[in-house]
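To start, the structure under review is shown below, and the notes come after it.
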Amino acid sequence: MSVMDNPASAPSSQEVRLPSKQEILNYFTQLRAVVKSYHRAVRAIAYYGSRIRNCEGWTVLGYESEDTMRLELDVPESTFYKWIKIGTMLPGLALEDLNSICTTNLELMTQIDTELWPEYPWVEDAKSSSPKEFASLITSRNLKNGNGREPMTYVKHKVPYSAKEMIDKTVKKFQDDHNIATPGRALELLLAENHDRPALLAGFVEIRGMLGALVELMQKHCIVVPELYDAVENIRTVCAEKVTEAIQAARSAKGKQDDRGRQDQVLAECGRESGAPAPQMDDVERPAHLSRLQ
């Protein structure tokens, strides 16, 4: 008689055996090996797939399109196109280099200005740096080259379905009202409200854009006054610095609040254990950081 034939013999929830620590370690060992194989596989897709794309090699192979080839290979669409894009944007990287660099740093490398590639050992830096360190390195080198662009990433949050349309419309309206280039920048300015007034920050962005339009108008009408161009550019730079300073301060303040919260929690726990009141932490001075905003 099987377990299904005799429900009374089926194990109850109390009798379910949890895996031992040794079994869990074995699961993780196997998982780690699979992940390493996966990393090698997607990087091979980037390397070989981008080379097939560059010459539209699927036609030689008898496929109607690149996607027909993908379907035959049975690779998920998002994985296939993400990694071929990375391979296409990093054509100088050998497969060995691709295998030695973490995924986030590879994505950051696709945002490096072409003119900066010969000036720095990007591949070695990407291999030895954490994503946070590598993003900061790209930003600092951009600044040395005369621009304040930071590498971009994505922010993903789960929200109630009914709230999505409201959030999108709010960000879009704020972007349109203040002539902000991207929804991401508009969202960042909105969130900076905890530290500064977003309308004021957006005003600086709008003024900077208007000054840029003024320069184009001057050029169109062949107004050649170097001092005037310098004065306009100085104002644009100040506007950019004010926005960047406020945003950096807001980021720093948020990080310190999180650190302060963790420190206070630990100190409170220590105080409860010893019977003594938890000591107060002094505020840390906020570091200043100015850069040109693009």
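Computed from the coordinates by the stated procedures, all read-outs in this text should not be read as laboratory data. Note that the structure is predicted; figures quoted are calculated from it, not measured. Virtual Cβ from ideal backbone geometry, glycine too; neighbours counted across all protein chains shown.
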Give, as a single signed number, the net charge of other residues whose beta carbon lies under 15 Å from the beta carbon of Gly62, with Lys and Arg counted +1 and Asp and Glu -1. -4
Label-point separation, Lys169 to Ala41 (7 Å along Cα→Cβ), nm: 4.4
Exposure proxy check on Ile180, Ile167, Ile138: fewest-to-most Cβ neighbours within 10 Å is Ile167, Ile180, Ile138
Net charge, Ile101 excluded, C-beta distance under 12 Å - Lys, Arg +1, Asp, Glu -1: -3
